[in-house]
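Asker: Can you read through this structure? Questions will come right after.
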Amino acid sequence: MQTFLLLVQEQFQAQANQQENFNLRTLSEESEGNSDQDNLILSGILILFLHIGLSLFEISFVQKKNWTNVLMKNFIDLNMSVLGFWLFGYGLAFGKGNWFCGTEYFAGDKIDDYAFWFYNFAFASAGATVFSGAWIGRVEFWFYVFFSFVNCGLIFPIVQHWEYSDDGWFSRYNTNVSVGVHDTAGAASIHLLSSVIALVGTKILGPRAGKFQEKTSTSDGNYPVYHEHRSALYLILGFLFLFIGWIPFNSGSYSSSYYYQQNSIVAHSTLLFATAGTIAGVIISFYHYKEWIYHPEFIVHSSLSGLVASSASSSFVMQGWEALVIGFIAPFPVYWVSNLLKRHKIDDPVGMISIHGVASLWGLIANGFFANSNSIHDKKGLFFGGGFAILGMNTFFCLLVIFYGLICSFLFIWCVNKFLPITVPYDVQIAGLDASEHNYNIEGFLENEKDSIIENESWNSTNSIDDLELQNSVENIELQNSNNVLIRTKSN
């Protein structure tokens, strides 16, 4: 009897131990899952710092009369990106569907992982800031807001589905694809695609008023020569915010505990990419000035080029020297293309087209040479004995994204512009978009207008500067005495 009781006691104890182990394992899994969600949310919050950085970055290149317009565009496009991604974007990008796009999760329906949704929204919202910088100073506010919605809701998610969903036709996560696109964090779907859109829009918009004029003339219908504005303070502060946001932008895709080691490698590589770009920027500055001038624009642009290249390659390079080589090379073709755009009178005020387009393209192509196998993927680039598989796939995908971006942006922007002009009239550009679009700081508008127009030596010395400013800046603008509201008048 005593033996029987001992057996029963041991059986109960074994069952209790088994239940305790199960509870501990369940709690551990739940804790791990919660930790993964927390990491995604934290990464998404930090990625939103990119909007602060890009806002400061952009106003460092524009005249003060357009600062409010730039800040408002970046504020509004964040909100429109929420709406577009919630209604259509997330479903098209990550819903179960076919090789081309997803067909579920529209308008928040049946979303089962809101942390993943939030992270990818933050990821997607960064795309609009690229063409924001390229269209500064002459795009109609209503069009920019609407296009931000269209891009985040319809254009961008298609490419994201192709390369990151489980059934995308170029996705590494699709078991039916032997060699998918090797792209760490949206170098193709964010940077390359947005730069193509920016280029098309810039061509349709045309340059800012007076930007490529060689002289100032008021008698033959020309406008005052565009006076460039630079602020090293906002440029560098903006870049520091970008630097903060870029690390989770790259590593957030590997924020789960399963990818912990890879997450650390990506963060480590991202820093090396930026550092190498900075070193290249010093060399470019020396080449440009033919002496040791450490120009902040060249150096910061070069470091940013390294960061853009890291969005393509940071998870596929296993050794620091690879990141340094790719990041160091990136700024040189960016510098060359930037000068090429200027020679062809393509007005890219912040350098968004060259930085995001060329550096992302180089990063994606570089994967074909430098990619090495790790815990995430088992494919290697050409330099490590993997042949031309990655190089061929990434090159083809880049061409496809460029073609897709050209078609979508040209059809949409050209069609809208055909019926509703999207370029702000020249007179209003000269007056400043803060006044015309936002009725902001209108009391000091006329007094501060001289800060926006450069005096040209060819002007007749008998003409008063104030008279010329009034003639060119206020010709089609009236101030209502009652409430100081600015009225835009249409010119013939």
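Every read-out reported here was derived from the displayed coordinates using simple, explicitly stated rules and does not represent laboratory data. In this text the structure is predicted, and so the values were computed from the model without any measurement. FYI the Cβ positions are ideal-geometry reconstructions off the backbone, even for glycines, and counts take in every protein chain you see.
Asker: Between the range 264-285 and the range 91-119, how many Å separate their Cα centres?
Answerer: First find each Cα centre; the distance between them is then 34 Å.
Asker: Here's a follow-up. For residue 175 and residue 98, calculate 0.36 nm times their separation in residues minus their Cα-Cα distance, and state this gained length in nm to one decimal.
Answerer: 26.4 nm
Asker: Compute the signed sum of charges (Lys and Arg +1, Asp and Glu -1) over the other residues within less than 15 Å, Cβ to Cβ, of residue 340.
Answerer: +2
Asker: I've got another one for you. For the pair residue 287 and residue 228, how long in nm is the line joining their label points, each one 7 Å along Cα→Cβ?
Answerer: So the two model labels end up 1.8 nm from each other.
Asker: For residue 318, list long-range residues whose amide hydrogen, built 1.01 Å from N in the peptide plane, is under 5 Å from its own amide hydrogen.
Answerer: Close amide H contacts, sequence-distant or interchain: 372.
Asker: In whole Hz and in residue order, list the ³J(HN,Hα) couplings for the range 332-343 that follow from phi through the Karplus curve 6.51 cos²θ - 1.76 cosθ + 1.60, θ = phi - 60°; x for Gly and Pro.
Answerer: 5, x, 4, 4, 5, 5, 4, 5, 5, 4, 5, 5
Asker: Next up: What number comes out for the charge environment of residue 96, summing +1 per Lys or Arg and -1 per Asp or Glu over other residues with Cβ under 13 Å away?
Answerer: Within the 13 Å Cβ shell, the charges total -4.
Asker: What number, in nm² with one decimal, is the all-direction average of the projected area of the convex hull of the alpha-carbon atoms of the range 113-193?
Answerer: If I average the Cα hull's projected area over directions, I get 5.9 nm².
Asker: Also: Tell me which residues come under 5 Å, amide H to amide H, from residue 97 once H is placed; ignore anything under 5 positions away on its chain.
Answerer: Amide H neighbours of residue 97: 103.
Asker: Next up: Using a cut-off of 13 Å between beta-carbons, work out the net charge of the residues near residue 401 (Lys and Arg +1, Asp and Glu -1, residue 401 not included).
Answerer: -2
Asker: For the range 296-310, just list the computed ³J(HN,Hα) in residue order, Karplus coefficients 6.51, -1.76 and 1.60, θ = phi - 60°, integers in Hz, with x standing in for Gly and Pro.
Answerer: Rounded to whole hertz, the list is x, 5, 5, 5, 5, 4, 5, 5, 5, 4, x, 5, 4, 4, 5.
Asker: In addition: Please list, in order along the range 68-78, the HN-Hα scalar couplings obtained from phi with the Karplus expression 6.51 cos²θ - 1.76 cosθ + 1.60 (θ = phi - 60°), rounded to whole Hz, x for Gly and Pro.
Answerer: Each residue of the range 68-78 in turn: 4, 4, 5, 5, 5, 4, 5, 6, 5, 5, 5 Hz.
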